[in-house]
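The structure appears below as structure tokens.
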Amino acid sequence: MSYTLGIDIGTFESKGVIVDAHGGIVATASRPHKMLVPRPGWAEHRPKQDWWGDFVHICKAMLAQSGISPKDIACIGTSAIGPCMLPVDTKGEALSNAALYGVDARASVEIEELNAAIGAGRILSACGNALTSQSVGPKILWLRKNRPEIFAKAAKIVTSTTYLVQKLTGECVIDHYSAANFSPLYVIGKGWSDELAPDIIELDRLPRLLWSTDIAGHVTARAARETGLAEGTPVICGTIDAASEAISVGVTRIGDMMVMYGSTIFTIMLSSERIEDSRLWYAPWLFPGEHASMAGLATSGTLTHWFRDQFAKDVDPAAAFPLLAAEAQASPPGAKGLVVLPYFSGERTPIHDPHAKGTVFGLNLTHGRGDLYRAVLEGIACGTAHIVDTYREIGEPPKSILAVGGGTKNAVWAQATSDIAGMTQTVCGKTIGASYGDAFLAALAIGDAKRADIRRWNPVERRIRPNARTAAVYARQYGVFKDLYRQTRDLMARLDG
């Protein structure tokens, strides 16, 4: 029997899976790492250790666990957080830490400069996206201005998945879905273009464009020695983790929306045509001629980790989250009047405000740790509902929501999201996430599966329906959530000088 292998590099943890031709899981492995925050508003990874080091470790662990021959792995798929900005040399080696996706807001000045020089409307029309902290183009410009010696040495500027595929195959490639986040350097329908911003970087210093299931290359002898994989194994181009996560739970039809409960909340909805709205992101989907609209919060699972580290220091880390979840469950819906704005790293969609600040509002002497933790989870749920409402406002409401990620196992978090957003969430049986999607994309690439097969590979397990009994309290909380930001937005910006 042949197998496919998928590995995904996340913000705090990397995961891998080997599956058989029917989607059965043969082996899994994971490895944690840290997100570095060297300055407020920055977020970084160490590519060699956190990305390639995790990939190698997980490969070896899964091969040992499964006992299968590396030669029986028919194809490899990989994904990673993104879009990231990483300068590499001619051999694909990192020249610095990588600036991460939208949680890294270092390029706010460059965003303002590019909008002023090009015009925000022109950028949105050509690229499908407004310039935000999610955009790679401004971060490349930041590198050019602030680290000129590194910029000069960079043979290419790549994202995370590109880095992994280059380490595996020697080929420097990127899929269209990921590349669309390089605004203003990617123009819809044209690909790489310097027509809007000729002075950021030469286009030949960007990766070669492919579609996600295109074969990028084959495992080199060096990569085979490092990973234990067989030399010559085909490797697909791959994509950003959220897209693979959407594939893993069966986002295949127009109006399907994935809600990924991870280090951040990220949503992807398939649409019949390009959706153009400055509050949302757009990209070509993983396959030619298809469209996707995205949104995402800046802190979600990251915020729960922060809360654990700050307010559960007395608890064994392995037991902390179950304890906090139980305490939150004991607090009533609405957390006894507490409202949290989860803007601890600024915010991405729909407000796109790098100056937004985390806020706990409504405290009194009766509140305890469980109330605070419940309010954090409900604040994230309010942010997710704000995204869903944005789609409703533009006349593109999701037809179905497929939820995935570790947060689906947190009953308070998942139920509050359904209650506040007013949407039923469908949860599939396999919640391993993006690495499973990577393995499926690899199977698609070599003809071992068709797209509709994912619903057989990963059938529905349960549904989380809105609870009518919480409607009134959550309507009040959600209203305060939105008004609180509007009324403190200017004060937040003043704190940044």
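The values are calculated or read from the model by the stated rules, or taken from the named source; none is laboratory data. Computed from a predicted structure; not experimentally measured. Positions of Cβ are backbone-derived with ideal geometry, glycine not excepted, and every protein chain shown enters the neighbour counts.
Within region 286-315, which residues are in a loop (DSSP other than H, G, I, E, B) and buried (at least 24 other Cβ atoms within 10 Å of the Cβ)? Within region 286-315, LEU286, LEU297, ALA298, THR299, SER300 qualify.
Could you say whether any residue in region 416-425 is closer than 30 Å to ASP72 by Cα and in contact (Cβ under 8 Å) with a residue 60 or more places away in the chain?
no
What strands (runs of 3 or more DSSP E), lying completely within region 215-283, carry at least 3 residues that are without any contact (Cβ under 8 Å) to a residue 40 or more places away in the chain?
Because the criterion is at least 3 residues that are without any contact (Cβ under 8 Å) to a residue 40 or more places away in the chain, the strands (runs of 3 or more DSSP E) in region 215-283 that meet it are 265-271.
Taking region 349-432 as the region of interest, the strands (runs of 3 or more DSSP E) fully inside it that hold 3 or more residues being crowded, with 18+ Cβ neighbours inside 10 Å and in the same structural domain as MET258 (by TED's automatic domain parsing) are 400-404, 425-428.
Restricting attention to region 209-267, which residues are more than 24 Å from GLY191 (Cβ to Cβ), surrounded by fewer than 18 Cβ atoms within 10 Å (Cβ to Cβ) and in contact with a His (Cβ under 7 Å, 6 or more places away or on another chain)? Listed by number, the list holds a single entry, GLY232.
Among the conditions (1) surrounded by fewer than 21 Cβ atoms within 10 Å (Cβ to Cβ); (2) at positive phi; (3) under 19 Å from the mean Cα position of the chain (by Cα), GLY447 misses just one, which is (3). Against the conditions (1) closer than 19 Å to VAL136 by Cβ; (2) of a type in the set (A, V, I, L, M); (3) surrounded by 19 or more Cβ atoms within 10 Å (Cβ to Cβ), LEU36 satisfies every one except (3). Taking ALA80, is it in contact with an Asp or Glu (Cβ under 9 Å, 6 or more places away or on another chain), modelled with pLDDT of 95 or more and under 30 Å from LEU495 (Cβ atoms)? No, not satisfied. The helices (runs of 4 or more DSSP H) located wholly in region 99-205 that include 1 or more residues which are out of contact with any Cys (no Cβ under 7 Å at 6 or more places or on another chain) and surrounded by fewer than 19 Cβ atoms within 10 Å (Cβ to Cβ) occupy 108-118, 120-127, 136-146, 148-153.
Hey, does region 9-18 have a residue that's under 19 Å from ALA99 (Cα atoms), surrounded by fewer than 22 Cβ atoms within 10 Å (Cβ to Cβ), of a type in the set (Val, Ile, Thr) and not assigned by TED's automatic domain parsing to the domain that holds HIS305? No, that holds for no residue.
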